[in-house]
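Each remark here refers to the structure printed beneath this line.
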Amino acid sequence: MSLLIRSSYVSQFHTRNSNPSSFSDQTPSKSPFFSSFNHNPLIKLVYKRNPRMQSLSFPSSMTVKSSLIDPDGGELMELVVPDSEIELKKKEAESMPKVKLTKIDMEWVHVISEGWASPLKGFMREDEYLQSLHFNSLRLKDGSLVNMSLPIVLAIDDQTKEQIGVSKNVALVSPQGDIVGSLRSVEIYKHNKEERIARTWGTTSPGLPYVEEHITPSGNWLIGGDLEVFKPVKYNDGLDHYRLSPKQLRKEFDNRKADAVFAFQLRNPVHNGHALLMNDTRKRLLEMGYKNPVLLLHPLGGFTKADDVPLYVRMEQHSKVLEDGVLDPETTIVSIFPSPMHYAGPTEVQWHAKARINAGANFYIVGRDPAGMGHPTEKRDLYDPDHGKKVLSMAPGLEKLNILPFRVAAYDTVEKKMAFFDPTRAKEFLFISGTKMRTYARTGESPPDGFMCPSGWNVLVKYYESLQESDDSSKQQQTVVSA
């Protein structure tokens with residue numbers, strides 16, 4: 001995410017008063033929010049989506065609910081087999097045809113099994129895939145829509161398809177060779193890679209990281225079915241305690257008596273511009289009348305492109321940000337979002353938002369060019385940097401998610417700190433992208449004072465120094481071998 005941060009207010013408030021998690025049950029009366037909301041330039045979009053919104057009434061008191069927002073479909077799809085059934089299920093799976101999973105496949109098994117993709121119950125069958133690919137949503141049996149902007153599918157090759165034959169169930173085998181679960185009542189259908197890539201990314205240009213890593217080398221068939229996982233997915237990398245499931249997060253929000261939860265997704269280290277935005281979010285929610293807004297700082301933990309900062313480095317950096325008091329540990333929950341990264345811009349940001357609904361967040365911060373990247377073959381952004389927030393304001397199935405408006409944040413060269421951009425002093429502000437930040441750390445150049453807390457910056461510097469030392473050592477070994 002660039003240091004140029006901008007958010008838009010998306011949402012409709014739930015108007016079904018019988019819904020226990022409706023916004024009208026949570027919003028305090030006499031909120032100063034209304035005067036500021038009426039000046040929101042996107043208000044026409046909001047009213048267009050929910051014309052009844054203007055006549056909403058609010059209760060005189062607020063009760064903290066066990067769920068601030070319902071998961072999509074009404075319940076979380078937790079697909080881990082109960083302990084009492086594990087041995088039987090494993091024994092059954094041993095006799096099934098086997099499907100070997102890649103590392104990214106395992107990340108999707110993790111995502112689906114914990115309910116991030118609710119109401120999805122497994123890898124998509126063809127009708128779900130086509131709805132996701134063409135409509136960015138799924139139609140449920142009751143006629144309602146839920147957002148599902150990314151196809152969550154499992155590819156197999158010709159040989160595996162032949163081995164499965166007419167079998168209705170298959171066992172799933174991890175990259176390490178362990179049977180980790182099964183797919184039941186399976187359906188196999190054609191994997192049209194070009195169509196999938198074109199509709200998800202809006203281009204088939206070479207150099208798309210997820211495509212080259214996962215789709216291009218994958219098989220020509222997709223297999224969907226109901227997922228059963230034999231035990232919770234663990235990585236044993238020292239970070240599993242950060243990987244809270246949607247159910248665990250909702251419980252933690254209850255424990256902290258949160259009356260609003262605002263989620264911030266990122267795949268970069270936290271700088272003071274991010275912190276300014278997150279702290280100002282909480283301030284605004286307090287001004288709206290909430291008593292205990294809680295921040296979900298939710299870094300993406302699945303596949304990322306090679307030049308992104310690795311997860312373990314980012315988590316260490318995030319911990320320093322909390323230790324230094326840049327963010328308040330008492331009102332912040334740091335957790336890892338297990339999804340792999342597509343870099344699919346406005347299409348993908350819908351998935352990021354939808355997953356946080358299932359985790360229990362009722363506010364979502366969207367920045368400039370969310371889930372975007374530079375064009376792989378041209379010197380320009382792949383997506384319009386403002387389209388992510390605009391798409392979220394209109395995306396089907398995301399009406400119950402609220403996004404607050406924010407000013408632009410940048411580095412004030414006069415005050416020597418991160419501040420909200422003042423257009424009357426435009427030449428005194430510096431915009432630093434995530435790429436530029438990584439370049440600073442890689443080259444040993446210090447960023448401007450006040451850009452990031454010193455201990456957090458040191459984590460990045462040490463990481464890039466270790467890369468340089470490793471590269472130098474490798475070159476020395478090659479020289480010795482050549483001699």
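Residue-by-condition table, conditions (1) without any contact (Cβ under 8 Å) to a residue 40 or more places away in the chain; (2) more than 26 Å from A371 (Cα to Cα); (3) charged (D, E, K, R):
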site	(1), (2), (3)
R425	yes, yes, yes
E428	yes, yes, yes
I432	no, no, no
M437	no, no, no
R442	yes, no, yes
S446	yes, yes, no
S455	no, yes, no
L460	no, no, no
Y463	no, no, no
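Residues in the range 136-146 that are open to solvent by less than 50 Å² (accessible area, probe 1.4 Å) and without any contact (Cβ under 8 Å) to a residue 12 or more places away in the chain: how many? Let's see the steps before the verdict.
First pass over the range 136-146, keeping only residues open to solvent by less than 50 Å² (accessible area, probe 1.4 Å): 136-138, 140, 143-144, 146.
Filter once more, so that each one left must be without any contact (Cβ under 8 Å) to a residue 12 or more places away in the chain: 143-144.
Selection size over the range 136-146: 2.
Among residues of the range 304-321 being within 18 Å of T435 (Cα to Cα) and polar (S, T, N, Q), the one that is most open to solvent (accessible area, probe 1.4 Å) is T304.
Among the numbered conditions (1) among the polar types (S, T, N, Q); (2) part of a loop (DSSP other than H, G, I, E, B); (3) farther than 24 Å from R368 by Cβ, the only one that S319 does not meet is (2). Looking only at the range 273-309, which residues are within 15 Å of G456 (Cβ to Cβ) and not in a helix (DSSP H, G or I)? Within the range 273-309, L297, P299, V309 qualify. Applying the set (1) crowded, with 21+ Cβ neighbours inside 10 Å; (2) more than 21 Å from P385 (Cβ to Cβ) to E348 leaves exactly one unmet item: (2).
Is the range 204-213 home to any residue that is open to solvent by 60 Å² or more (accessible area, probe 1.4 Å) and either part of a loop (DSSP other than H, G, I, E, B) or within 30 Å of L322 (Cβ to Cβ) (or both)?
Residues of the range 204-213 open to solvent by 60 Å² or more (accessible area, probe 1.4 Å): 204, 206, 212-213.
Pick out the ones that are also either part of a loop (DSSP other than H, G, I, E, B) or within 30 Å of L322 (Cβ to Cβ) (or both) and you get 204, 206.
Yes: the range 204-213 contains one or more residues that are open to solvent by 60 Å² or more (accessible area, probe 1.4 Å) and either part of a loop (DSSP other than H, G, I, E, B) or within 30 Å of L322 (Cβ to Cβ) (or both).
Is it true that E465 is open to solvent by 20 Å² or more (accessible area, probe 1.4 Å) and more than 21 Å from E316 (Cβ to Cβ)?
On the way: open to solvent by 20 Å² or more (accessible area, probe 1.4 Å): yes; more than 21 Å from E316 (Cβ to Cβ): no.
No, not satisfied.
Of all the residues in the range 214-244, those that are among the hydrophobic types (A, V, I, L, M, F, W, C) and assigned to a loop (DSSP other than H, G, I, E, B) number 4. Of the numbered criteria (1) touching a residue at least 40 places away in the same chain (Cβ under 8 Å); (2) open to solvent by less than 40 Å² (accessible area, probe 1.4 Å); (3) closer than 28 Å to E78 by Cα, the one D240 fails is (1).
Here is a yes/no grid of residues against (1) charged (D, E, K, R); (2) open to solvent by less than 50 Å² (accessible area, probe 1.4 Å):
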residue: M148; (1), (2): no, yes
residue: V153; (1), (2): no, yes
residue: D158; (1), (2): yes, no
residue: V166; (1), (2): no, no
residue: V170; (1), (2): no, yes
residue: S174; (1), (2): no, yes
residue: G181; (1), (2): no, yes
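Counting residues in the range 358-365 that are buried (at least 24 other Cβ atoms within 10 Å of the Cβ), among the hydrophobic types (A, V, I, L, M, F, W, C) and under 23 Å from W108 (Cα atoms) gives one or more.
The values are calculated or read from the model by the stated rules, or taken from the named source; none is laboratory data. From a predicted model like this one, the values you see are computed outputs, not experimental measurements. With ideal geometry, Cβ positions are generated from the backbone for all residues, glycine too; neighbour counts draw on all protein chains shown. These accessible areas exclude ligands, DNA and RNA; they are computed on the full protein's heavy atoms, side chains included. Shrake-Rupley method; radii C 1.70, N 1.55, O 1.52, S 1.80 Å.
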